[in-house]
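Reading through the structure tokens given below for one structure.
The values are calculated or read from the model by the stated rules, or taken from the named source; none is laboratory data. These figures come from a predicted structure and were not determined experimentally. When we count neighbours, we look across all protein chains shown, and the Cβ atoms used for this are built from the backbone with ideal geometry, even at glycine.
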Amino acid sequence: MDPAEIRILAAGTALPGPPIDNATLGRRFGMDALWEQWVDVFIGTRSRHLALDLETGEQRDTLADLGERAGRHALATAGTDPAEIDLVILGTATPDSLMPATVNQIADRLGIDGVATYQLQSGCSGAVQALDLARQLLSTGRHRTALVLGGDVIAKHYDLSVDLHTVPPAELVNYVLFGDAAGAAVLSGDPAAGRTAVRTSFVQLVGLGRPPGQVLEWFGPVDRHSDRPSAREDYKAIEESVPELSEEILHRLLGDLGWKAAELTHLLPPQLSTQMTKRIVERLALSGAEEISCVGDTANTGNALVFFQLEQLLPRLVPGDRVAAIAVESSKWIKSGFALEHV
């Protein structure tokens, strides 16, 4: 089967709890109005949803909880029964446990069994990795319909007792940059099943010799009292590298398909933060393409982001529309992207 005949039928998402604005977050950690202004100017995120209660520290939602809700939403929107799914793939940087794999917990809750499942451990490129793998597997003809999931619960790595006045910038940014969420999409190997074709997709590691731009630790009984911070980010390196990498991804997608930039009708840019997305969009200079962004309201939800963009995008598409989607992972520098065409 031609991989270009793979169709994406629908997307669905799930957010935990009510939105938390910058003022509420600042009050919880004892930060003043200047801190809130810093978030507005340098990050730009207005609100985020967290899977824990900021006052008690209790985790209200797991990734499996959110993945189940997103999966049900995508299946219902696609009009697909769980019994029709014969492939489930999850991309995440924050599984609920090392074992059992969270993808299998989600499949179990959805009543899916006797199928192939895969869980990919990755940061912001994980959702594209999952979509790319689904596209390749569906194209073999061995599978007919895939449920592809992506999501992260970052808040469980928060230290709610910390004094943010004493936290270095590489750690402080994580408290405002991220939110929790999950997303899902239904893909079909039947060209007659839908009109939105996944024309190409790719994932490419480009981190040889480069230090990580982001680190998320996993602590076990042996090292749980380590002095290492659980999460840290080299935001300066990300600011310098991501716009350039995004431009390279766009050029590769267009080159692989023989498309011209002026033919793009929609752009799904990286969603690291509102300000970063703005810089990237300006650099790509696709004046004729409508930007699909969500990060201002959801914050950076990692592997859920692409699905929020798809959920906005899919109902808007008309025949002839062409879409470029770009995702960059800074943990060890991964370029990824895919292109859609409504036929």
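For (1) touching a Ser or Thr at 6+ places or on another chain (Cβ under 6 Å); (2) not aromatic (Phe, Trp, Tyr), each residue gets a yes or a no:
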| position | (1), (2) |
| --- | --- |
| PRO243 | no, yes |
| ARG252 | no, yes |
| TRP259 | no, no |
| GLU263 | no, yes |
| HIS266 | no, yes |
| PRO269 | yes, yes |
| GLN275 | no, yes |
| LYS278 | no, yes |
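Comparison of ALA181, ALA170, ALA185 shows that the only residue that is in contact with a helix residue (DSSP H, G or I) (Cβ under 8 Å, 6 or more places away or on another chain), in the same structural domain as LEU131 (by TED's automatic domain parsing) and surrounded by fewer than 19 Cβ atoms within 10 Å (Cβ to Cβ) is ALA170.
Among the residues of the range 170-184, those that are assigned to a helix (DSSP H, G or I) and among the hydrophobic types (A, V, I, L, M, F, W, C) comprise ALA170, LEU172, VAL173, VAL176, LEU177. The criterion of at least 2 residues that are buried (at least 18 other Cβ atoms within 10 Å of the Cβ), touching a Ser or Thr at 6+ places or on another chain (Cβ under 6 Å) and touching a residue at least 60 places away in the same chain (Cβ under 8 Å) is met, among helices (runs of 4 or more DSSP H) falling completely within the range 17-102, by 63-78. SER331 meets the conditions (1) at pLDDT 95 or above; (2) part of a loop (DSSP other than H, G, I, E, B) in every case but one. The failed one is (1). Do we find a residue being buried (at least 22 other Cβ atoms within 10 Å of the Cβ), under 21 Å from the mean Cα position of the chain (by Cα) and either of a type in the set (Ser, Thr, Tyr) or closer than 23 Å to SER273 by Cβ (or both) anywhere in the range 133-144? There is no residue in the range 133-144 that is buried (at least 22 other Cβ atoms within 10 Å of the Cβ), under 21 Å from the mean Cα position of the chain (by Cα) and either of a type in the set (Ser, Thr, Tyr) or closer than 23 Å to SER273 by Cβ (or both). Within the span defined as the range 238-248, one or more residues are over 30 Å from PRO168 (Cβ atoms) and either surrounded by fewer than 23 Cβ atoms within 10 Å (Cβ to Cβ) or not β-branched (Val, Ile, Thr) (or both). Condition first: within 12 Å of the chain's Cα centre (by Cα) and more than 19 Å from ILE89 (Cβ to Cβ). Now tell me which residues in the range 294-343 satisfy that. Result: CYS294, VAL295, THR298, ALA299, ASN300, ILE326, VAL328.
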